[in-house]
Structure formats: structure tokens, C-alpha cells
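J.: Got a structure for you, written out below as C-alpha cells; questions coming shortly.
Each reported figure results from applying straightforward, stated rules to the coordinates on display, with no laboratory input. What you are looking at is a predicted structure, and each value in this text was computed from that prediction instead of being measured. A quick note on method: Cβ atoms are made from the backbone with ideal geometry, for glycine too, and the neighbour counts reach across all protein chains shown.
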Amino acid sequence: MDECRRPLGPRGPSAPAGAIRRGSAEPALRELVQLDGSEHAWFEDRGPRCTLLVYVDDATSRLMELCCADTESTFDYFRATRRYLERHGKPMAFYSGRLSVFHVPARDRAQGGPGLSQFGRALRDLNIDSLCANSPQAKGRVERANGTLQDRLVKELCLRGLSTPAAAEPFPPVFMADYNRRFATPARVAYDAHRPLLPSEDLTEIFTFQELRRITAQLTVNYQRGLYVLEDGVENRRLRRTTALVSEPPTARSPFAATAACSRIACIPAITRGSCPASSSSTSISTASSPGSRRSNTTATPQVSPTRSHAPR
């Protein structure tokens, strides 16, 4: 039977048996969480313009996390997602737009680039699916929440005299509780689909910017205009011409590199190139075979003071 002659149901032509309705909510709480960034004058003319990272449960339209950030950068989403996981546990999947933070274009993959973004790699390490919408309308729940927040949250911040992201930091949990009481709907299935974090899932380690690099015959690793030199020793000499995994924390801006030997290795201070400003923080070298693989939790932590830094991503 063609579409024009199909019997009408309560809301139009009845769907074929087994068909899945586009846009229907997931049945259980935290089974799917939509996330998006909304750039807006949240503090009006009292403070800086910023971006609000918004996490909305697909099943209930509950606000799950609000986080102020300068931009929608990888490190900002690392910070907000870590807060979400520490408060609620792990959802089955995050549903986002096709921003480069979440999605690697097919053109880049075809040219031998990474198949996953840094955010996607972190979610893979945590066994969380990363889904990307093809249009803003596909993630309508978080888009509608953004519109509501640009009205209600702006007014609440004004009433409380909050003018900066730092001053507003304690307020989102209070606001979310009131918002969810007013606007959240019951889930179709009465269970919470979130999963607890495993003891082996180190969020500090997972939420780092990771790239593969080569250890040269001279025991050096090139990364972001910096030359990192491994200490010359018997153990380190075995690592010549092996692949290293350089991991950059979101705060320290200094990397530690991982090789394929399952051990941590001490480094000497790095040699800088160009006119990078100097900084002093610790680095280490541990093991991994790829940016998404696990690393040993039974290794020592060496200290090193590289004299290199670069602008945040």
C-alpha cells in the first residue's frame, strides 16, 4: 500500500511494522544525553560573553550539567564531561553536533588522519558511544533547552547579581534542580541507565590531548614546537625508533609521552624551538600502543621540568 492510501492513525498515516520514529526519546534516564554549546551574553552587559555547555537527558528533558566556558574547545568539553561523569556516572551515549570537537570529517580520514576526535577517543576509553546529529533539529531537546536558558537563566543570574563565570560556578546545581522540577518529564522506563565509573578509569589520564609521535635514534620526541629528550640509559636506548604517545593535560600544558614498552621513563629538560614562553611542570613517559589504548597502572612517576609551553587548544 502506498503512502497516500495507507490507513490513517491518530496522528496521520500509520507507520509500517517495525519502523523507528525519528526524534523519539530514549526510554530510560541517562541512556542518551544530548550536549551542545550556546554562546550568549549570559551576564548581559555586567560581564564577559561566554559559552554555556549544556547536557540534557533525552528521555526526560532534564538538565544534567551546565558549565561556563570561553569556547567550545576540546579541553572545555573534557572539563564539563568529567564533571558530568563524577556527578552522575556514565550514560550509554552522548549525542552532539558535528563540531570538530566531536566529529572527524571523512576527507581527513581519507587522507590518513585519525578516525576519532580527541573527545571521541576519550569516550571510547570510557565505553561510551559518541553519536553526531546531521542537523540542529535532530538534537531538538538540547536546542529547545538553550532557548529556555537564554531567557530564564539570564534573568536568574541578574537577580542574584552574578556577573562572571567564576561567581556563577556554585549556581547551576540550584538552577537545574528548579528547572527540572518545572520542565522534566517522567521516563518511559523506570530505571536509570547510567553506569558507575570503573576503578581502572582514570579521568585525569583519559581526558588528555593525545597524539602519536616517533622516538628518534637520539632519544628525542618532537611535539608542538618542543623537543623532549629522554634520559640516556640502557632502558631508554631500547626505545629508539619506537612510537610514542604524547599526552597533554588540559591544565599543565606540558605533555608526557608513552611508548610500546609498558614502563615509565624519565626525561631531561626539553629543548625549545622558537620563542615559546618558559614554564616548569612535570612530565612522564608511559606506555600505549595507540591513543585509545589503556596504560599500565603499576608504574612509577618520574619528575621532569620541560621549559616549553604553548597556547591552549
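J.: Quick one: 3J(HN,Hα) in Hz for segment 132-147, Karplus 6.51/-1.76/1.60 with θ = phi - 60°, rounded, Gly and Pro as x.
T.: After applying 6.51 cos²θ - 1.76 cosθ + 1.60, I find 10, 7, 8, 7, x, 5, 5, 10, x, 5, 6, 5, 5, 4, 4, x Hz.
J.: What are the ³J(HN,Hα) values, in whole Hz, obtained from phi via the Karplus relation 6.51 cos²θ - 1.76 cosθ + 1.60 with θ = phi - 60°, for each residue of segment 210-215 in sequence order, with x given for Gly and Pro?
T.: After applying 6.51 cos²θ - 1.76 cosθ + 1.60, I find 10, 9, 7, 9, 9, 8 Hz.
J.: In nm, to one decimal, how far is the modelled label at ASN222 from the one at ASP70, with both set 7 Å along Cα→Cβ?
T.: The modelled label-to-label distance comes out at 2.8 nm.
J.: Compute the relative contact order of segment 28-192 as a whole-number percentage, counting only Cα pairs closer than 8 Å that sit 6 or more residues apart in sequence.
T.: Working: 263 pairs, mean separation 51.8, N = 165.
Over segment 28-192, the number comes to 31 percent.
J.: Could you let me know the centre-to-centre spacing of segment 124-145 and segment 38-80, using Cα atoms, in angstrom?
T.: Cα centroid to Cα centroid, the span is 15 Å.
J.: So if each residue of separation counts as 0.36 nm, and I subtract the Cα-Cα distance between SER100 and ARG240, what length gain in nm does that give? Present the calculation step by step, with values, prior to reporting the outcome.
T.: Details: separation 140, 0.36 × 140 = 50.40 nm, distance 3.35 nm.
That works out to 47.0 nm of additional length.
J.: So for each of 175-182, 222-229 I average, over its residues, the number of other beta carbons within 10 Å; can you give me the resulting order with the highest mean first? Each step should come with its number before you reach the end.
T.: Working: 175-182: 14.2, 222-229: 18.8.
Listed from highest to lowest mean packing, they are 222-229, 175-182.
J.: Continuing with the same structure: What is the percent of Cα-Cα separations in segment 149-245 that go past 16 Å?
T.: Numbers: 3515 of 4656 pairs.
In whole percent, the share of Cα-Cα pairs in segment 149-245 beyond 16 Å is 75.
J.: R0 = 41 Å: FRET efficiency of GLU201 with GLU44, Cβ-based, nearest 0.05?
T.: Working: r = 40 Å, r/R0 = 0.97.
Once the sixth-power term is evaluated, E becomes 0.55.
J.: Separate question: Tell me, what are the semi-axes, in whole angstrom and largest first, of the equivalent ellipsoid of segment 28-192 as set by the roots of 5 times the Cα gyration tensor eigenvalues?
T.: Details: eigenvalues 141, 80, 38 Å².
Each semi-axis is the square root of five times an eigenvalue, giving 27, 20, 14 Å.
J.: Still on this structure, I have one more. Name the residues whose placed amide hydrogens come within less than 5 Å of the amide hydrogen of TYR223, ignoring near sequence neighbours (fewer than 5 apart) on the same chain.
T.: Answer set, sorted by chain and number: TYR228.
J.: If you count the DSSP beta bridges with both ends in segment 28-192, what percent of them are antiparallel, to the nearest 5?
T.: On the way: 14 of 23 bridges.
The antiparallel fraction comes to roughly 60 percent.
J.: So, one more: For ALA244, which sequence-distant residues (separation of 5 or more, or a different chain) have an amide H within less than 5 Å of its own amide H, given hydrogens modelled in the peptide plane?
T.: ARG213, ARG214, ILE215
J.: Would you please name the GluC sites (Glu not before Pro) within segment 63-164 that are DSSP coil residues with at most 13 other C-beta atoms within 10 Å of their C-beta?
T.: none
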